[in-house]
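Data first, discussion second: the structure below is written as structure tokens.
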Amino acid sequence: MGTYEEKSRKIASERAKELKSRIKDYLDASKDIETGEKLEDQYLDNKKRILDYLNGTEEDWKNWRWQMDNRFEDSKTLSNVIELSEKEMNEIDEVSENFRWAVVPYYASLMDPKDPNCPIRKQSIPSAMELKDPMEVDDDPMAEEFTSPAPCITRRYPDRLIINVTNQCAMYCRHCQRRRNIGGVDKPRPREELEEAIKYIRENPEIRDVLITGGDAFMLEDETIEWILGLLDEIEHVEIKRFGTRTLVTMPQRITDNLCSILKRHGPVYVNTQFNHPKEVSREAVEAAKKLTYAGVPLGNQSVLLNTINNDPHIIKKLNHELLKACIKPYYLFQAKTVTGTSHLIAGIEEGIEIVEHLRGYTSGLAIPEYIVNAPGGYGKTPLHPQYIVSAGKDYITIRTWEGRIIKYDNKVYNK
Ligand code: SF4
């Protein structure tokens with residue numbers, strides 16, 4: 001028989017056993033998932049090899065301008081630091097004629113030098129698939145050209161907008177949705193255009209949230225960033241500023257003490273970045289994230305769901321756990337849009353929904369990003385979820401829990 005306490009403990013132990021069984025597949029899979037933390041030694045070897053080849057020093061490595069000046073932009077140079085077959089080299093050269101590419105030494109140090117299927121290589125090194133796009137594509141799937149009421153501005157929502165400040169990035173991602181802006185040369189937007197953008201914000205008092213992005217907003221010089229933030233601070237109705245940057249992932253050296261103090265001076269400032277694979281969460285990236293956090297800058301991550309790179313529930317879960325350890329909140333998981341040359345990297349929407357299904361309940365709510373499809377025509381972000389409502393009536397709704405239990409939920413008392 002036993003006491004009430006003993007009976008309760010027995011029920012709780014059985015439930016704990018059941019919960020343990022729910023996480024077993026992830027724990028088994030997670031042993032084989034590569035992360036920045038696990039690969040630290042490999043990264044240090046790669047870094048040494050790259051520094052030797054470029055004749056650089058530790059101090060050079062920490063300097064983002066040195067990183068930018070030493071970007072790999074042709075197959076021959078890259079082949080000195082990672083193994084590339086003749087076929088891969090030819091592909092890189094052929095694709096380069098159509099689509100720009102560049103990789104800073106830091107991001108190259110995250111690559112597996114021997115494995116062409118490395119998720120870091122797939123995000124950064126051109127593939128022949130880019131020239132064999134079978135899909136009917138739209139180079140401006142978010143209709144940014146038709147949602148720009150003033151220079152540099154994209155406006156798709158009632159109370160917030162984007163200022164596009166440059167087309168430059170530390171690395172040109174193979175899945176980039178803004179390829180049409182990247183072009184062949186780096187073009188920071190001229191100050192006169194930025195001033196017109198700020199004037200538009202000043203004249204529209206409903207704008208309370210301004211996202212500064214590109215390209216990559218942190219490609220701007222510190223002085224320009226401070227100048228923009230200063231002008232926005234003078235506009236009373238602008239409550240928050242946000243930056244869109246991938247430098248935390250691709251070139252964490254850009255997160256300097258000076259940049260952090262500028263952001264701190266002009267808060268509240270938020271930074272959103274784009275880690276797509278746990279291999280990217282390296283020691284250097286984590287240190288950069290912590291610097292921003294200590295400067296009072298909240299960090300969010302906007303992953304892109306990418307075929308053969310992260311379209312796996314265990315990889316996304318591991319990524320999100322690694323991000324939370326670095327104080328970065330997984331914010332969005334984006335369905336990639338169809339842009340010329342990127343179809344081979346687009347995963348199915350059903351895969352995205354399955355990933356969310358594998359997260360909800362199985363891990364902390366903090367580790368669950370919102371899965372988003374950008375509606376064609378510039379009509380904005382649309383969240384997609386697995387279905388948890390089985391049926392809804394006046395007095396009851398029937399719900400499906402994260403474990404698949406179907407439960408009738410009494411709604412009478414609330415249903416006035
Ligand atoms: S950092 Fe962003 S804008 Fe730049 S290439 Fe990558 S995805 Fe495109």
Matching helices (runs of 4 or more DSSP H) fully within region 242-303 where at least 3 residues are open to solvent by 20 Å² or more (accessible area, probe 1.4 Å) and more than 16 Å from the ligand (Cβ to nearest atom): 257-265, 283-294
Could you please let me know if Lys337 is open to solvent by 60 Å² or more (accessible area, probe 1.4 Å) and of a type in the set (Lys, Arg)? no
Using the structure shown, decide if Thr363 is open to solvent by less than 50 Å² (accessible area, probe 1.4 Å), of a type in the set (Ser, Thr, Tyr), modelled with pLDDT of 95 or more and touching a helix residue (DSSP H, G or I) at 6+ places or on another chain (Cβ under 7 Å). yes
Do you know which residues across region 366-387 are modelled with pLDDT of 95 or more and aromatic (Phe, Trp, Tyr)? Tyr371
Return the only residue of Tyr43, Tyr53 being out of contact with any Pro (no Cβ under 7 Å at 6 or more places or on another chain), at pLDDT 95 or above, aromatic (Phe, Trp, Tyr) and open to solvent by 70 Å² or more (accessible area, probe 1.4 Å). Tyr53
Going through region 184-216 in order, the residues found to be part of a helix (DSSP H, G or I) and either among the hydroxyl-bearing types (Ser, Thr, Tyr) or within 11 Å of the ligand (Cβ to nearest atom) (or both) are Tyr200
Residue among Thr308, Thr338 that is part of a loop (DSSP other than H, G, I, E, B) and modelled with pLDDT of 95 or more: Thr308
Any idea which of (1) of a type in the set (Asp, Glu); (2) touching a residue at least 40 places away in the same chain (Cβ under 8 Å); (3) open to solvent by 30 Å² or more (accessible area, probe 1.4 Å) is the one Glu130 doesn't satisfy? (3)
Quick check on my filter: what residues within region 202-233 are touching a residue at least 40 places away in the same chain (Cβ under 8 Å) and of a type in the set (Asp, Glu)? Glu206, Asp209, Asp216, Asp222, Glu226
Might you let me know whether region 225-240 holds any residue that is open to solvent by 20 Å² or more (accessible area, probe 1.4 Å), among the hydrophobic types (A, V, I, L, M, F, W, C) and within 16 Å of the ligand (Cβ to nearest atom)? no
Just checking, does region 384-398 include any residue being without any contact (Cβ under 8 Å) to a residue 60 or more places away in the chain, assigned to a helix (DSSP H, G or I) and either among the β-branched types (Val, Ile, Thr) or farther than 30 Å from Leu323 by Cα (or both)? no
Does any residue of region 169-183 turn out to be within 12 Å of the ligand (Cβ to nearest atom), at pLDDT below 90 and open to solvent by 50 Å² or more (accessible area, probe 1.4 Å)? yes
Glu236 passes all but one of the listed conditions (1) assigned to a loop (DSSP other than H, G, I, E, B); (2) touching a residue at least 12 places away in the same chain (Cβ under 8 Å); the exception is number (2)
In region 295-315, what residues are more than 29 Å from Leu259 (Cβ to Cβ) and of a type outside the set (D, E, K, R)? Leu305, Asn307, Thr308, Asn311, Pro313, His314, Ile315
Among the helices (runs of 4 or more DSSP H) lying completely within region 3-120, list those that include at least 2 residues that are closer than 23 Å to Ala289 by Cα, in contact (Cβ under 8 Å) with a residue 40 or more places away in the chain and of a type outside the set (Lys, Arg). 40-54, 64-69, 105-109
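The values are calculated or read from the model by the stated rules, or taken from the named source; none is laboratory data. Here the structure is a predicted model, which means the values were calculated and not measured. Backbone-built Cβ (ideal geometry, glycine too); neighbour counts: all protein chains shown. The area values use the complete protein model at the heavy-atom level, side chains included, leaving out ligands, DNA and RNA. Shrake-Rupley method; radii C 1.70, N 1.55, O 1.52, S 1.80 Å.
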